[in-house]
Amino acid sequence: MTLTIEDLVIPVKHSAGRKTMQLTVDRDSSLLLTAPPLVQTEVLEGFVRSKLSWVYQKLAEKSLMHKTVRQKQFVQGEGFLYLGRSYRLNLVEEQELPLKFYHGRFHLSKSNIEDARKLFIDWYVAKGLKWLGAKANEFKNRLSVEFSAVKVRDLGYRWGSCGKNQTLYFHWKTILLPAKIAEYVVVHELSHLIEPSHSSDFWLCVERAMPDYKERKKWLAEHGMDVEGL
């Protein structure tokens, strides 16, 4: 069955294993209401209406995720983010490595411009592994959890995920965010080692490790997708 409430069309899935109702917004902005068997339509509608503010906020966030981001041209003086700060690109004739960062600038060999995007992503991945791994080790003690590994890669529209065998995954773009916001992403994924869902217990875990998480979470929702692509 489906519910139509205002401008929303919401499929309903009844599950014998559920004791409570849950409304989710997927990455493609689709909605799903999961409920125990035999819950009356009026109760389902009341539950959805109580969540409308949250639903529209999530849909707005998803819309921001899909907006067009200007692609880099890799020209002299172009800015590239690293932990929230923009650093200029300097094109050089020759150097030991194709891409280097020193004296507050990125330095790229002109002969490697065609490979610039891959070189930058590889650089961000390497820095992300080191920085995010160190932060995960720092915050794990506050949550009394253990993780097995940190991996950095392209995760599409996700900043991070908690995978099998207690592996933490982070998008390479996480290292472009301001340090305080990247720390929130780390704590968010560490907390999933304790509570897989975004339940009230999950957010209590996040708050225990990061009392000001709501401010950081809000910044990420409002500005995270302003991070420029490559």
Under 5 Å from the placed amide H of residue 81, counting only residues 5+ away or on other chains, we find 87
How far is helix 213-223 tilted off the main Cα axis of the chain, in degrees rounded to 10, range 0 to 90?
70
In order over the range 175-187: 3J(HN,Hα) from phi, Karplus 6.51/-1.76/1.60, θ = phi - 60°, whole Hz, x for each Gly or Pro, gives 6, 7, 5, x, 3, 4, 6, 4, 4, 4, 4, 5, 5
I'd like the antiparallel share, as a percent to the nearest 5, of DSSP beta bridges with both residues in the range 2-65.
75
Taking amide H atoms as placed 1.01 Å from N in the peptide plane, list the residues 5 or more away in sequence, or in a different chain, whose amide H sits under 5 Å from that of residue 3.
10, 12
For the chain, what does the relative contact order come out to in percent, with C-alpha contacts under 8 Å and a separation of six or more?
14
Just to confirm the number: angle between the C-alpha axis of helix 200-209 and the first principal axis of the chain, 0 to 90 degrees, nearest 10?
30
Let me check the size of the range 99-182 from its C-alpha atoms; what are the radius of gyration and Dmax in Å?
14.7, 48
Gain on full stretching of the segment that runs from residue 195 to residue 149 - 0.36 nm per residue minus C-alpha separation
14.7 nm
To the nearest 0.05, the calculated FRET efficiency linking residue 221 and residue 103 through their beta-carbon distance, R0 being 41 Å, is 0.75
Using the alpha carbon gyration tensor of the range 117-226, what are the three equivalent-ellipsoid semi-axes (square root of 5 times each eigenvalue), largest first, in whole Å?
21, 16, 12
How high is the FRET efficiency between residue 28 and residue 88 when r is their beta carbon distance and R₀ equals 25 Å, given to the nearest 0.05?
0.10
Dipole of the chain (Lys/Arg Cβ +1, Asp/Glu Cβ -1, origin at the Cα centre): which of 41, 75, 5 lies farthest to the positive side?
75
For the range 2-65, what does the alpha-carbon gyration tensor say about shape, rounded, prolate or oblate, given a ≥ b ≥ c as the root eigenvalues, a/c under 1.5 as rounded, and a/b over b/c as prolate?
prolate
Using alpha carbon centers only, the range 182-230 is separated from the range 1-47 by a whole-angstrom value of 25
At q = 0.09, 0.10, 0.12 1/Å the base-10 log of I(q)/I(0) from the Debye formula over the alpha-carbon atoms of the chain is -0.48, -0.58, -0.78
For the residues 30, 191, what sequence is obtained by ranking on other C-beta atoms within 10 Å, fewest first?
30, 191
Working out 0.36 nm times the residue gap between residue 73 and residue 95, then minus their Cα-Cα distance, what length gain in nm do you get to one decimal?
5.9 nm
With the 8 Å Cα cutoff and a minimum separation of six or more residues, the range 117-226 has a relative contact order in percent of 25
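Bear in mind that the values in this text are calculations on the coordinates, not laboratory data. Keep in mind that what you see is a predicted model, and the values were worked out from it rather than measured. Every residue, glycine among them, receives a Cβ derived from its backbone with ideal geometry; neighbour counts consider all protein chains shown.
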